[in-house]
Amino acid sequence: MNETGHALPANIKFVWRADIFIWSFNFFVVGLLLLIASHFWHWPSWLGLGVIGLTVLQYIIRRALVPYRYRFLRYNITPTAVFLQKGFFFRKNEAIPIARIQNVTLEQGPLLRWQQLQQVNIETASTAHVIDGVTASVADQLRTRILTLAQEARDE
């Protein structure tokens, strides 16, 4: 699959950015609490400063990589396999044989629900694969198509 697969909707970038912010905010608060605690219990203040510094660095890097992640994440469904492609520098191409697929579930957390997206989880006996976020209608179509193809493959 040479970037011929389907791209995710553009509003998935908002979900990723919000997720990065929420996690970074949580770690930032932990760093602040460690910094405050270092004054009361005589802990080394570098613990809190280190957590805060690493959190800020992690936030900047992950936030900068959102367009890269969006640009190079693709999926494609064929009668024989589900193809997932991620990355450019560290490219990962996965082919999930249709005959091995056991279940397809749709998930929707608060951020995905806010953007009216759903995550598609494709499960085999040994692994689980994820299509990060597609619209609800596309998610239903994907689930139906994959399960139909999987049933046909098992019947043959």
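Quick notes on this one:
- Dividing the convex hull volume of the alpha-carbon atoms in the chain by its residue count gives 132 Å³ per residue.
- Nitroxide proxy distance, nm - points 7 Å out along Cα→Cβ at HIS129 and THR78: 1.2
- Separation between Cα centres of the stretch 59-104 and the stretch 16-38, rounded to whole Å: 29
- Applied to the stretch 46-52, the Karplus parametrisation 6.51 cos²θ - 1.76 cosθ + 1.60 on θ = phi - 60° returns per-residue 3J(HN,Hα) values of 5, 4, x, 5, x, 5, 5 Hz, with x for Gly and Pro.
- Taking each residue as 0.36 nm, the span from ARG145 to ARG17 lengthens on full extension beyond its C-alpha to C-alpha distance by 43.1 nm.
- Tilt relative to the chain, helix 12-41 - C-alpha long axis, 0 to 90 degrees, to 10: 30
- Tensor-based shape of the stretch 1-54 (alpha-carbon gyration tensor, a/c under 1.5 rounded, otherwise prolate or oblate): prolate
- Between 0 and 90°, nearest 10: helix 136-155 axis offset from the chain longest Cα axis: 50
- Charge dipole (debye, nearest 20) of the stretch 1-114; +1 at Cβ of Lys and Arg, -1 at Cβ of Asp and Glu: 280
- Viscosity 0.890 mPa s, temperature 25 °C, Stokes-Einstein D of the stretch 47-101 from Kirkwood C-alpha radius, µm²/s: 180
- Candidate residues LYS92, LYS13: accessible-area rank, largest first, probe 1.4 Å: LYS92, LYS13
The values are calculated or read from the model by the stated rules, or taken from the named source; none is laboratory data. If you're wondering where the values come from, they're calculated on a predicted model, not measured in any experiment. A quick note on method: Cβ atoms are made from the backbone with ideal geometry, for glycine too, and the neighbour counts reach across all protein chains shown. These accessible areas exclude ligands, DNA and RNA; they are computed on the full protein's heavy atoms, side chains included. Shrake-Rupley method; radii C 1.70, N 1.55, O 1.52, S 1.80 Å.
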